[in-house]
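Reviewing the structure listed below.
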Amino acid sequence: MSKDYYSSLGVAKNANQDEIKKAFRKLAHQYHPDKQGGDEKRFKEINEAYQVLSDPQKRQQYDQYGSAYQQGGGGFSWEDAARQGGFNGGGVQFDFGDLGDVFGDMFGFGGSRKGSRRDTRGSDLQVDVEIELKDAIVGMKKELRIPKAVKCEKCSGSGAEPGSKVNTCPTCSGTGQVSTTQRTILGVFQSAAPCSACQATGKKIEKKCKACSGEGRMRKEEKITVSIPAGIDEGQTLRLSGEGEAGAHGAPAGDLYVRIHVRPDKHFVRQRDDVYTDLTISFSQAALGDTAKLITYDGVMEVKIPAAIQTGQLIRLANLGMPHLQKKGRGDLYVRITVSTPKSLSRKQRELFEQLRKEGL
Ligand SMILES: [Zn+2]
Ligand SMILES: [Zn+2]
């Protein structure tokens, strides 16, 4: 059986690549087996012809030996050669680019036709929230106002006017998916595509909801209370499942991501779960040791200063740092000591310092 690929595609023997491509697209649309008036056998022929004619090398070989090969009786055919080539083989390359266009237009893979894309869950949202360090120590609840798509209150997301009829989509029998079988020269491909007739909902709505025009969702500013856990650190993100944008036609909502920013504190610097602060003490406190008052977010603390402490030394107050996030316990609070030199001295103080000097201090 001799095959004439040129007549399969309805192009002249001297047709250029553009003409071949155009002809293939037109015919593939026309004869696609899943289309009304489609013809599987014809579609296969068109595919086969295109695989050969679109490849300059194959085309040349076909031009030269085409009928001879077909009639050679050795069982060789371009069809087999193409099959053996496989997807990535050295044989005939399957041009997904072109087919993608064809299928895209028909089933919405490419999304070129409005509304034919599958309705998936709503989009995720992200907001940035700034808190104080003290809020991060104790944790807090914060109310946010988020403008977003919410499920339509009138139709509860169905997109149907309340009281109106909702039938099963006849195109996909309510499954929301249309399975397609593509017979190509490389074999049979089966794939499920979202039903474009019902936007994958499986339902046929008689009357669209007036409030949302059948979308099943509407924009609204919503109040959301976020629990910010104690110990949260700068840049950490909380995920609020299902608090993102509502999906169309009742599809699940996306998530809301709340990114936390902790405002730098004047007196306390966080490092992981430890906190650092400064305490200035006097010359004699440093020399003799003392107890000093320190204001912390846990209240006023008494800090024991050991004798002979030096500037820059740290005093550790255990368990007064940041709470460990979602774990028991806290980090530590480190008090960095600065010994201050008196800026002015009374007469008596001067005398005492003079005496100290004599003692070698
Ligand atoms: Zn509605
Ligand atoms: Zn459907």
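Brief remarks on what is shown
- Electrostatic dipole magnitude of the range 164-254 [Cβ: Lys, Arg +1; Asp, Glu -1; Cα centre; debye, to 20]: 700
- Relative contact order for the range 281-324, counting Cα pairs under 8 Å that sit 6 or more residues apart, in percent: 35
- Normalising the average separation of contacting C-alpha pairs (under 8 angstrom, six or more residues apart) by the number of residues puts the relative contact order of the range 253-361 at 27 percent.
- Taking Tyr276, Tyr6 and counting other C-beta atoms within 10 Å, the order from fewest to most: Tyr276, Tyr6
- Order of Leu317, Leu356 under a 10 Å beta carbon neighbour criterion, fewest first: Leu356, Leu317
- Directionally averaged projected area (convex hull, Cα atoms, the range 269-358), nm²: 6.8
- Magnitude of the charge dipole, the range 185-302, Cβ model with Lys/Arg +1 and Asp/Glu -1, debye to 20: 1120
- Segment Arg42-Thr311, length gained on full extension (0.36 nm per residue, minus Cα span): 87.8 nm
- In this simple spin-label approximation, Thr280 and Glu206 carry label points 7 Å from Cα along the Cα→Cβ vector, and these lie 8.2 nm apart.
- Hydrodynamic analysis of the range 126-205 uses the Kirkwood radius over alpha carbon pairs. Inserted into Stokes-Einstein at 4 °C and 1.567 mPa s, it gives a translational diffusion coefficient of 75 µm²/s.
- Fully extending the segment from Lys293 to Ser123 would add 56.0 nm, taking 0.36 nm per residue of separation and subtracting the current Cα-Cα distance.
- The range 1-60 - percent relative contact order, Cα under 8 Å, separation 6 or more: 34
- Amide H contacts under 5 Å for Gly216, placed H, 5+ residues apart: Gly159, His249
- Whole-angstrom Cα spans of the range 212-361 along principal axes, big to small: 93, 31, 21
- Estimated distance in nm for a label pair at Glu132 and Arg259, the labels positioned 7 Å out from Cα along Cα-to-Cβ: 2.5
- Taking label points 7 Å from Cα along the Cα-to-Cβ direction, Ser7 and Lys328 give a separation of 8.8 nm.
- The lysines whose alpha-carbon is closer than 24 Å to the alpha-carbon of Lys44, local same-chain residues fewer than 8 away aside, are Lys3, Lys13, Lys21, Lys22, Lys26, Lys35, Lys58.
- Sites matching GluC sites (Glu not before Pro) across the range 294-359 that sit in DSSP coil, with at most 13 neighbouring C-beta atoms within 10 Å: Glu359
- Rg over Rh for the range 178-295 works out to 1.38, using Cα positions for both radii and the Kirkwood form for Rh.
- Qualifying trypsin sites (Lys or Arg not before Pro) for the range 1-61 [loop in DSSP, other Cβ within 10 Å: at most 14]: Lys13, Lys35
- The range 194-301: GluC sites (Glu not before Pro) in DSSP coil with no more than 11 other Cβ atoms inside 10 Å: Glu206
Values in this text are rule-based calculations from the coordinates and carry no lab data. Because the structure is a prediction, the values reported are computed rather than measured. Using ideal geometry, Cβ is built from the backbone for each residue, glycine included, and neighbour counts are taken over all protein chains shown.
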